[in-house]
Amino acid sequence: MSDIPHFDGRAAFLLRTQRFMDRLSEQVDAALASHGLAITVMQAGCVQALYHAGPASLAWLATELGISHQLVSHRINGLVRQGYVETGPDPKDARKRLVSLTAQGREQAERLQPFLDGLDRAYADLFAELGVDLNKAVGSATECLAARTIPDRLPDPHPVSS
């Protein structure tokens, strides 16, 4: 329990969610490494998408992953430095660049597949322990925020007095 107002209530939900994400990311990164993978959980989505879809633009990856172009670019740059992806011209439009897995990236992607099967089971175990399917709950919450934002849910800061 905290003596700081709102730290124990719903108003600190984002703080608790961030702590959860940090702990989850640390643990999944450690699990990836223990399974011989050199990519991070934050890079895994890019690797998975490229493995199954083939070469793609940053814009397509951003849309597919549901994250910003800037964030995808940052993750891809890290994968380029590690030698797991490379960029080249789009044969259909020389102004565009495509990202593709290198041989080392494909090897990481192939090792990632059984890891993801195990991760699915680990999440199922966690969700059963909680009694809540967090995957569905987070998906539903995301849809609700798209339909009605937090600012729309807040009380009017300047109510009109009568």
**Request:** Divide by every residue of the chain the summed helix terms, -39500 (n - 2.57) for each DSSP H run of at least 4, and state the resulting mean residue ellipticity at 222 nm, rounded to the nearest 500 deg cm²/dmol.
**Result:** -20500 deg cm²/dmol
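At 1.4 Å probe size, with the rest of the protein present, what percent of the exposed accessible area of region 14-162 is carbon and sulfur atoms?
Working: 5780 of 10210 Å².
That fraction is 57 percent.
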**Complete:** Once amide hydrogens are built 1.01 Å from N within the peptide plane, the residues lying 5 or more places from ARG97 or on another chain with amide H under 5 Å from its amide H are ASP90
**Complete:** Here, the chain modelled as identical Cα point scatterers in vacuum has Debye log10 I(q)/I(0) at q = 0.08, 0.11, 0.13, 0.21 Å⁻¹ of -0.35, -0.62, -0.81, -1.42
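Given a cut-off of under 8 Å on Cα pairs at least six residues apart, what relative contact order in percent is computed for region 1-128?
Numbers: 110 pairs, mean separation 27.6, N = 128.
It comes to 22 percent, rounded to a whole number.
Kirkwood Rh over alpha-carbon pairs of region 83-139, then Stokes-Einstein at 4 °C and 1.567 mPa s: what D in µm² s⁻¹, rounded to an integer? Write out the running numbers ahead of the final one.
On the way: Rh = 14.3 Å.
In µm²/s, the coefficient is 91.
Just to confirm, what accessible area per residue do you get for region 96-162 at 1.4 Å probe, in whole Å²? Let's see the in-between values first.
Details: 5160 Å² over 67 residues.
Here the residues of region 96-162 average 77 Å² of exposed surface.
Run the numbers for ALA103 and THR149: contour at 0.36 nm per residue of separation, minus the present Cα-Cα distance, in nm. Can you show the working numbers first?
Values: separation 46, 0.36 × 46 = 16.56 nm, distance 4.31 nm.
Between ALA103 and THR149, full extension yields 12.2 nm more.
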**Asked** Relative to the longest principal axis of the chain, what angle (0 to 90°, nearest 10) does the C-alpha long axis of helix 41-53 take?
**Response** 50
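Averaging over every viewing direction, what projected area does the convex hull of the Cα atoms of region 114-162 cover, in nm²? Walk me through the numbers before you get to the answer.
Values: hull surface 22.3 nm².
Spelled out: convex hull of the Cα atoms, projected over all directions, averaged, 5.6 nm².
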**Asked** Each label point is 7 Å from the Cα along the Cα-to-Cβ direction; what then is the distance between the points at SER161 and ALA33, in nm?
**Response** 5.9
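The values are calculated or read from the model by the stated rules, or taken from the named source; none is laboratory data. All figures in this text were calculated on a predicted structure; none of them were measured in a lab. Cβ atoms come from the backbone with ideal geometry, glycine included; neighbour counts cover every protein chain shown. Remember, those area values only see protein heavy atoms, side chains included, never the ligands or the DNA or RNA. Shrake-Rupley method; radii C 1.70, N 1.55, O 1.52, S 1.80 Å.
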